[in-house]
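Chemist: Have a look at the structure that comes next, please.
Please treat every number below as a calculation from the coordinates, not as lab data. In this text the structure is predicted, and so the values were computed from the model without any measurement. For neighbour counting, all protein chains shown are included, and Cβ atoms are generated from backbone atoms with ideal geometry for every residue, glycine included.
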Amino acid sequence: MVAHTRFKGVEGRGKRICTPCPVGWKMVGSSCYFVSNEDVSWDLARDECYKMNSILVMVKDKTESDNLKTLFTKNKRYWIGLRRDPSEIHIWKWLDGTQMTFSNWAVNEPNNDSGREHCGETISGPWNDRNCGDKLFYICRKIKTC
């Protein structure tokens, strides 16, 4: 006898069915991305992503960096989930607490202009350090449910 199951993400006789990305999200690779149409501070961007059960995008490798290029509007600025470690000013960490190993900094960045640029942004690909209180668009990421 074959069990017939039905619950979130799985249906039928052992067949896996992927849940599509929510309305307003775009699927790229195995992830769903939300690109905001409002500009907010870095802290608010982080919180808005959390409200949608997602996280401010963490660009930990070249694949993720390449995936994001398909989402950008040319020359727009977007918050990413990267921030300076408050106890070690030269160390950058992702929202999950891991230290940055892959980077895509623009030329002469990060420069900590005026000693107040502690959050990461992307400008159609390359990264820049920016004042966390500035208002920018943002990109949230969640894993597609299968």
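Chemist: So how far apart, in nm, are the two label points at residue 134 and residue 39 if each is 7 Å from Cα heading toward Cβ?
Modeler: Once both label points are built, they end up 0.9 nm from each other.
Chemist: Can you pull out the chymotrypsin sites (Phe, Trp or Tyr not before Pro) in the range 12-118 whose DSSP state is coil and whose Cβ has at most 14 other Cβ atoms within 10 Å?
Modeler: 102
Chemist: If one takes the longest principal axis of the Cα atoms in the chain, at what angle in degrees, from 0 to 90 and to the nearest 10, does the Cα axis of helix 42-51 lie?
Modeler: Once rounded, one gets 10 degrees.
Chemist: Could you list 51, 144, 74 so that the one with the fewest beta carbons within 10 Å of its beta carbon is first and the one with the most is last? All intermediate terms of the calculation are to be shown ahead of the outcome.
Modeler: Values: 51 9, 144 16, 74 6.
Starting with the residue having the fewest Cβ neighbours, the order is 74, 51, 144.
Chemist: What is the calculated FRET efficiency for residue 89 to residue 53, with r their C-beta to C-beta distance and R₀ = 25 Å, to the nearest 0.05? Present the calculation step by step, with values, prior to reporting the outcome.
Modeler: Working: r = 32 Å, r/R0 = 1.28.
With R0 = 25 Å, the Cβ-Cβ based efficiency is 0.20.
Chemist: Next up: For residue 140, what is the net charge nearby, where nearby means another residue's Cβ is under 13 Å from its Cβ and Lys, Arg count +1, Asp, Glu -1? Present the calculation step by step, with values, prior to reporting the outcome.
Modeler: Values: positive: 26, 46, 51, 141, 142; negative: 38, 47, 48.
Taking every Cβ under 13 Å from that of residue 140, the sum is +2.
Chemist: Quick one: compute the contact order of the chain, relative version, from alpha carbon pairs under 8 angstrom and 6+ residues apart, as a percent.
Modeler: 34 percent
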